[in-house]
Amino acid sequence: MRQKQNKFTLFFLLITVAFYGQMQNYDAKIELKNIKDTWHTITLPDVVFSNTQERLSDIRIYGITAKNDTIEAPYLLNYTSPKLKTKTVDYKLLNASTKDGVYYFTLKVPSKDAINHIKLNFENSNFDWKVLVEASHHQKKWFKIYDDYRIVAIKNSQTNYSFTDITFPAAEFSYFRIGIKSDEEPILEKATLEHQQQTAANITDRTVKSFNVVEDKKNKKTIVNIAFDRKAPTHQITVKVDNKIDYYRPIKIEELIDSVKTEKGYVYNYNTLRIGTLSSIENNAFTFDNTFSKKIRVTILNFDNQPLKIDNINAKGYKYQLTARFTEPATYYLTYGNKSAYAPNYDIAQLNIKMPEDIKGLTLGSVTEIAKKEEKIQEPLFTNKIWLWLIMGIVMLVIGWFSYKMLSKKPE
C-alpha cells in the first residue's frame, strides 16, 4: 500500500514540475498590470498575432505567486463584431401618380416609429434613376431628404447588380414620398421601411505595407496584390477608384493560404473571401470573415471596358479580446508562441457563468522573450589529447613491465 502511495506522490510531483515549467515552452510574454477585480478584459495587440497559431490556441495566462508557484488563469476569446438590429415598420401605399415626368409613390406610416432605411423593389430589371425622397407630417408641407439620390439595376449575361437602398438619418414622419425621374414607368413591387441600428464594434485600421496593380490584358482582369506589414486579423477591404466614369465590375477577394515551389516557380494557393460588385455609386467597402493572412488578392473583371485606376487600398480588422478570471494574487503574464500547444479547455467556456456588466480592461506591459533552458551537453572525461596519450603510455609501460617479469622468471 505504501509503495502505491509513493508512486502516486512521485507521479504528482512530476506533473507539478512539468506544469510549473510550461512558460518555458512559449516564446514571449507580456505582463498584465492593474489587476484589481476577478474579471478583466485584455485586448490582444497586433504583436501577438505575428507569433501565434492560426486559431490562437497557444495563448495562455500564467501567474507567478509569492511562493514562486505557477498558476493558470482561464479566459474566453472573442471579437466584437458589429450587430445590425433591424426593425421593420409597417406602411400603406396611398397612391401612385405622375407629374412632369416624375413618378410619385406616397407611403403612410401609421406608427410613430423612426425610419432610416428604405429598400425599393421594382419589376423593372434595367434602370438608372434619380430619386427624390421627401417626408411630411400631414402632406401639406414636405421636407426634402434627398433631391438626386441614384438607384441602379443592371441585369444581363455578364452582370446581375442592383442598388436600390436609400439610407438617411433617422426620421419620424407620418408620410414618405418617393419621386422617380424616368422616361419609362417604374413598377414598384414592394417597399421595405426599416429602422436599422448597428452596435459599436472594436475595429482597428490595418497597415497596408504595399499594393501593386497588375493588368491581365489577355483575360481582361485587373489584379491587385495587397501585402500587410504583419499577421493580424482583417475583415474589410475598401478599394479606392480614381475614375469619374460610371462602372459596375464583378470583384473577387481572396486570401493567400500557402505556396509550393515547383520547377517553373512558385504556385500560390488562394481561398475566396468575398465575391461582389465594384460600383461607382457605392463606397466599395467589402466585408468578410476575419482572415490572418498577410497577403490578399483582389481581382476585378473588366470585360471589354478600360481598366480602372486603383488609387488606394484601405483595410480594417476586428480587435480580439480575452475575458479572463483571476482568483489568486500573482504576477500574471499573457504568454504566446507555442506551435505544439492545444486549445485550452476551461470550465468558464462550458458553463453559463454570469459576468459583471462593467468589466475593466488591463494595461499591458512590454513584450519580453522567454529564455529557453539550454540543454547541458555531457562533455567527455578527457578533452585534451595529451592526457589520452599519457594514459596510453602508462598502460603500455605497465603491460611491458608485467611481460618482462613473466619472461625473466626462471623455472624451478
Find which of 211, 62, 233 sits farthest along the positive direction of the dipole of the chain, computed with +1 on the beta-carbon of Lys and Arg, -1 on that of Asp and Glu, about the Cα centre.
62
Residues whose modelled amide H sits under 5 Å from the amide H of residue 273, counting only those 5 or more places away in sequence or on another chain, are 253, 254, 255
Collect residues whose amide H, placed 1.01 Å from N in the peptide plane, falls under 5 Å from the amide H of residue 319; neighbours closer than 5 in sequence don't count.
80, 202, 203, 204
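For 26, 175, 268, give the ranking by accessible area with the largest first, probe 1.4 Å.
268, 175, 26
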With all protein chains present and a 1.4 Å probe, how do 275, 253, 154 order by accessible area, largest first?
275, 154, 253
Helix 385-408: inclination vs the chain longest Cα principal axis, degrees, rounded to 10, gives 30
What does the highest-first list of 121-127, 41-47 look like by mean Cβ count within 10 Å?
41-47, 121-127
Can you work out the Karplus-derived ³J(HN,Hα) for every residue in the range 328-334? Use 6.51 cos²θ - 1.76 cosθ + 1.60 with θ = phi - 60°, whole Hz, and x for glycine or proline.
10, x, 5, 8, 9, 10, 8
Going by Cα centres, the range 252-269 and the range 275-325 are how many Å apart?
20
Relative to the longest principal axis of the C-alpha atoms of the chain, give the angle of the C-alpha long axis of helix 2-20, reported between 0 and 90° and rounded to the nearest 10°.
50
10 Å binning of all Cα-Cα separations within the range 183-230, expressed as whole percents from 0 upward:
16, 19, 17, 26, 22, 1
Net dipole in debye of the range 60-166 [+1 Lys, Arg Cβ; -1 Asp, Glu Cβ; about Cα centre; nearest 20]:
320
Derived scalar couplings ³J(HN,Hα) [the range 266-273; Karplus, 6.51 cos²θ - 1.76 cosθ + 1.60; whole Hz; x for Gly, Pro]
7, 10, 9, 10, 10, 10, 6, 9
Length gain on complete extension for the stretch residue 97 to residue 283, per 0.36 nm per residue less the alpha carbon to alpha carbon distance?
63.7 nm
Carbon and sulfur: what percent of the range 78-208's accessible surface (1.4 Å probe)?
44
Return a whole-number percent for the relative contact order of the chain, with Cα pairs under 8 Å and 6 or more residues apart as the contact set.
27
With +1 on each Lys and Arg Cβ and -1 on each Asp and Glu Cβ, how big is the dipole of the chain about its Cα centre, in debye rounded to the nearest 20?
1240
For the range 288-297, in order, what is each residue's ³J(HN,Hα) by Karplus, 6.51 cos²θ - 1.76 cosθ + 1.60 with θ = phi - 60°, in whole Hz (x at glycine and Pro)?
7, 5, 3, 10, 9, 5, 7, 9, 10, 10
From the cross-link list 87/144; 108/316; 218/264; 83/220, which pairs have alpha carbons spaced over 31 Å apart?
108/316; 83/220
With Cβ to Cβ distances under 13 Å as the rule, what net charge do the other residues near residue 60 carry (K, R +1; D, E -1)?
-2
Please get the size of the charge dipole for the range 258-346, origin at its Cα centre, with Cβ charges of +1 on Lys and Arg and -1 on Asp and Glu, quoted in debye to the nearest 20.
220
Taking 0.36 nm per intervening residue step and subtracting the Cα-Cα distance, what contour gain separates residue 346 from residue 398 on full extension?
11.7 nm
Helix-only estimate, please: 222 nm mean residue ellipticity of the chain, summing -39500 (n - 2.57) across DSSP H runs of length 4 or more and dividing by its residues, to the nearest 500.
-4000 deg cm²/dmol
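The values are calculated or read from the model by the stated rules, or taken from the named source; none is laboratory data. Note that the structure is a prediction, hence the values are computed from the model and not measured. Neighbour counts are summed over all protein chains in view; Cβ atoms, including those assigned to glycine, are modelled from backbone coordinates with ideal geometry. We work out accessible area using only protein heavy atoms, side chains counted, and drop any ligands, DNA or RNA first. Shrake-Rupley method; radii C 1.70, N 1.55, O 1.52, S 1.80 Å.
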